[in-house]
Amino acid sequence: MNLPSIILDVDLNDRTYHRETLPADVRRTFLGGRGLNAWLLASRLPGRLDAFDPANPLLLTNGSLTGTAALSSARLQVSAVSPLTGLLGNSNVGGFFGSEMAAAGLLSLAVTGQSDRPVYLVLRDDTVEFRDASGLWGMETKAARAAIQAAIGAPRAPVAVIGPAGENRVRYASVLFGPGDAAGRTGMGAVMGTKNLKGIAIVTAARTAAPAAASLRTLTAGHLAALKNSSDYAEWSTFGDSGQVKWLDDFGAGPAYNYEQPQFPAVDTANGYAFRDAPTRYTSCYLCPIRCKAEITSPSGRHAGFTGERPPFEPMAAFGPKCGNPDAFESLYLHTRCNDLGLDSIEAGSVLAFAVDLFRRAILTDADTEGMQLVWGEPECLETLLEWIGSREHRLGDILAEGLRPAAAAIGRGAARFAFHVKGMAMTSMDPRGFKGTGLGYAVSSRGADFSNPYPSLECGYSPRKAVEIFGDAGLGDRRRETGKGRMVRYTASVSAVLDSVGLCKIPYLSLLNDFSLNLPAELVTAITGDPITPAELLAAGERIVTAERLLNLRLGLTRADDTLPARFCQQPIAAGICDGLFVTIDPMVRDFYAEMGWNSDGIPTSARLRELGLADFPH
């Protein structure tokens, strides 16, 4: 199959564009998506620069299988230097934008420069139109998308847009590729905002897809049957992962009250099962049989009649237990407002919890909040503070819009002790004291305190027998054990990098099937590209991508000291429940991971390892 290989370079400074073809050897080396973005960003960066420098390249890149006949092949990777961390910014998104890019013959869109006034781009028939967006500036994302679709006469065209948060350079602003389809983490919306780029639309000609070969139809039918027979299929197709807030609470290592308590008393009303009887309209991404997304209408209460995008697990946990909020429908509202404003809802929920925590400790006072009382779970203060952040119109909102690390520094008075981040990005919901592999993943992930890039779910999903089969060590399936986690995170991080680079969603292939063997992706890449590849070769490509991202981050200023966890998790044990007494001894785990990856004691890949991975000439 002849897959897209065109990179479209757009320069907003002089409103020019050109197309180039990706060399075949680069595709084989970095696959696409996340891996290709590491290579593209390293190749295009003029040097170490600030994220708001117009020269910062914004990359939208498909995986090598995005938009093909592979199930759940919707994924697109958005990358640039991050305004939040100053390091590699990466965000992965589904929906239909990526599949339409593929239909238009594009593998990647690279945008540099800064327009002298607000614009949006229309990609149509091998051309790029630069249209005035002055009348759209200030619009929220849904309104802006509808206005662009109307203006270009394509009401169903996929449009990526930013909201007021991106325009205002909130450092964790997101890009919305459709209702509920957010490239949220690391602040890619703020990069678009600084470029005065309101949106990007793709208009493709009506087409009839070529029929898939019988062997490919048989292959994908087998994958579909396996998914529908998986034990969690009914759960995911009904609730997505929004109900897993309860799952996490049962593990005794959740984020309640900004990680003050490992369990949340009101978890039963704070998780996605509370939506069970609410009016629901299910939605899905390109060619995905799971339909884990949905629009929910609040049947009663404070937001009766409000329809919003059901939050996934992490926003549910961030706006729920982390903020002390017992009402799932309030989390629905806050998450949807984040999408409207163009804010990363995980980061925003974490920042709200941080602010409430500081207020109850008298680190923030009435003078800071303009008299507003910040109380755990109090909806009005959470909603108001969120609007302040998106608009930057109040001093406290302006401070919090900078992210946890700069906000803590600006507030002072010991605030940094309660700003739980790694490399500037807020921690996701799993307390690393009760999930040691997750804690190591937070510390070494290329984009900050993150579960999704390392994806170490095997520590609570593999039986001892399976752990022996994969790792030769039955104990690696024990989430409370620290030894050996370097090997496990090396493996899961590499597998995760492969999925992000071939454009497959992790939910069906890793979460539902719990299959980290890479057998299915290897089958699909071989069948669809016609270029045979083995699971072992894919795993090696994943390690290459993880290492390439490390080289890029070192170039951007990363040091060994950045690979750590906030002090609370290393010094203060969990004080109750089944994880009572647990804390993290992070440095030995980080050293173990470095050794497994072939990096030296400072986290720098050795020359021998670079040669082995084919990265000796990678820009660094």
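Could you tell me which of T280, T297, L400 has its Cα farthest along the dipole of segment 230-425 towards the positive end, charges placed at Cβ (Lys, Arg +1; Asp, Glu -1), taken about the Cα centre?
It is L400, whose Cα lies furthest towards the positive end.
Normalising by the residue count of segment 314-387, find the relative contact order in percent from Cα pairs under 8 Å and 6+ residues apart.
That works out to 33 percent.
Which order do K198, K436 fall in if you start with the one that has the fewest other Cβ atoms within 10 Å?
The order, fewest Cβ neighbours first, is K436, K198.
Kindly identify the chain as rounded, prolate or oblate by the Cα gyration tensor criterion: order the square roots of the eigenvalues as a ≥ b ≥ c, call it rounded if a/c is under 1.5, otherwise compare a/b with b/c, prolate if a/b is larger, else oblate.
rounded
Dipole size in debye (nearest 20) for the chain around its Cα centre, Lys and Arg Cβ +1, Asp and Glu Cβ -1?
With Lys and Arg at +1 and Asp and Glu at -1, about 700 debye.
Once you've got the Cα coordinates, tell me which of K142/K198; K436/K485; K466/K506 are over 18 Å apart.
Over 18 Å apart, Cα to Cα: K466/K506.
As a footprinting exposure proxy, order F251, F313, F97 by other Cβ within 10 Å, with the fewest listed first.
Final ranking by Cβ density, sparse to dense: F251, F313, F97.
How many percent of the alpha carbon pairs in segment 6-203 exceed a separation of 22 Å?
40
Whole angstrom only: what separates the Cα centroid of segment 301-322 from the Cα centroid of segment 491-544?
So the two Cα centres are separated by 32 Å.
Got a sec? How would Y257, Y286 order by Cβ neighbour count within 10 Å, fewest to most?
By the 10 Å Cβ count, ascending: Y257, Y286.
Name the shape class, rounded, prolate or oblate, that the alpha-carbon gyration tensor gives for segment 450-560, where a ≥ b ≥ c are the square roots of its eigenvalues, rounded holds for a/c under 1.5, and otherwise prolate holds if a/b is larger than b/c and oblate otherwise.
oblate
Given the DSSP H assignment, sum -39500 (n - 2.57) over each helix run of at least 4 residues in the chain and divide by its residue total; what's the result at 222 nm in deg cm²/dmol, nearest 500?
Computed mean residue ellipticity for the chain: -11500 deg cm²/dmol.
Under a point-charge model restricted to the Cβ atoms of Lys and Arg (+1) and Asp and Glu (-1), what is the dipole moment magnitude of segment 6-203 relative to its Cα centre, in debye to the nearest 20?
With only Lys, Arg, Asp and Glu charged at Cβ, the dipole is about 440 debye.
Answer with one residue from A205, G184, G95: the one whose Cα lies farthest towards the positive end of the charge dipole of segment 94-208, charges on Cβ with Lys, Arg +1 and Asp, Glu -1.
Final value for the positive-end residue is G184.
Convert each backbone phi in segment 316-333 into a coupling constant with the Karplus relation 6.51 cos²θ - 1.76 cosθ + 1.60 (shift: θ = phi - 60°), then list the ³J(HN,Hα) values in order as whole Hz, x for Gly and Pro.
Couplings: 4, 6, 5, 7, x, x, 4, 8, x, 9, x, 10, 4, 6, 5, 5, 4, 5 Hz.
Would you kindly derive the ³J(HN,Hα) couplings of segment 219-231 from the backbone phi angles with the Karplus curve 6.51 cos²θ - 1.76 cosθ + 1.60 (θ = phi - 60°), listing them in order in whole Hz, with x for Gly and Pro?
So the Karplus estimates, Gly and Pro as x, are 5, 5, 5, x, 5, 4, 4, 5, 5, 5, 8, 5, 5 Hz.
In whole Hz and in residue order, list the ³J(HN,Hα) couplings for segment 587-596 that follow from phi through the Karplus curve 6.51 cos²θ - 1.76 cosθ + 1.60, θ = phi - 60°; x for Gly and Pro.
Each residue's phi maps through the Karplus curve to give 4, x, 5, 5, 4, 4, 4, 3, 4, 4 Hz.
Between S237, L71, N519, whose Cα lies farthest towards the positive end of the dipole of the chain when Lys and Arg beta carbons carry +1 and Asp and Glu beta carbons carry -1, centred on the Cα centre?
N519
Please work out the C-alpha center-to-center distance from segment 259-283 to segment 403-429 and express it in whole Å.
Answer, in whole Å: 27.
Values quoted throughout were computed directly from the atomic coordinates according to the rules given, and no laboratory measurement underlies them. What you are looking at is a predicted structure, and each value in this text was computed from that prediction instead of being measured. Cβ atoms come from the backbone with ideal geometry, glycine included; neighbour counts cover every protein chain shown.
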